[in-house]
1. Calculate one ³J(HN,Hα) per residue across segment 46-56 by plugging θ = phi - 60° into the Karplus curve 6.51 cos²θ - 1.76 cosθ + 1.60, and present them in order as whole Hz with x for glycine and proline.
2. Could you go through segment 10-15 in sequence order and give the Karplus-derived ³J(HN,Hα) for each residue, using 6.51 cos²θ - 1.76 cosθ + 1.60 with θ = phi - 60°, rounded to whole Hz, and x for Gly and Pro?
3. Apply the Karplus curve 6.51 cos²θ - 1.76 cosθ + 1.60, θ = phi - 60°, to the phi angles in segment 34-39 and return the couplings in whole Hz, x for Gly and Pro.
4. Taking the Cα centre of the chain as origin, work out the dipole magnitude from +1 charges on Lys and Arg Cβ and -1 charges on Asp and Glu Cβ, in debye rounded to 20.
5. Under 5 Å between amide H atoms, partner at least 5 residues away or on a different chain: which partners does Leu51 have, H built in plane at 1.01 Å?
6. Multiply the residue separation of Ala7 and Arg33 by 0.36 nm, subtract the distance between their alpha-carbon atoms, and state the gained length in nm to one decimal.
7. Keeping to pairs on different chains or 8 or more places apart, tell me how many lysine pairs in the chain have Cα atoms under 18 Å apart.
8. For the chain, go through all pairs of different Cα atoms, get the mean of 1/r, take its inverse, and jot down that Kirkwood value in Å.
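Rule-based calculations on the coordinates, nothing more; no lab input. Fair warning: this is a prediction, and the values are worked out from it, not measured in the lab. As a convention, Cβ positions derive from the backbone with ideal geometry for all residues, glycine included, and neighbour counts pool all protein chains shown.
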Amino acid sequence: MGERETAQKKTIYEYKRALGNLTDFLGHDDATRLSPKDLVAWKGKMIEAGLHPKTILGAKLAPVRAILQW
């Protein structure tokens, strides 16, 4: 397995993980029901849980943002 394929698999894994965290928080997986308030609340929950700001932005919010803009 090449480096590129390994990186792609890791990205897919991380994106699925971030989306799974979000759907667990929301209690649904319907993107049409997602609001900016939901994302702010999710971010607040992660801050309360003690996640590092860089982790929240890079590993949680960035993947969701990328998928929703696609």
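1. Once θ is set to phi - 60°, the couplings for segment 46-56 become 5, 5, 4, 6, x, 5, 5, x, 5, 5, 4 Hz.
2. 5, 4, 4, 4, 5, 5
3. Whole-Hz 3J(HN,Hα) from phi for segment 34-39: 6, 10, x, 4, 4, 5.
4. 160
5. Under 5 Å from the amide H of Leu51: no residue qualifies.
6. Working: separation 26, 0.36 × 26 = 9.36 nm, distance 3.11 nm.
Between Ala7 and Arg33, full extension yields an extra 6.3 nm.
7. 10
8. Hydrodynamic radius (Kirkwood, Cα only) of the chain equals 12.9 Å.
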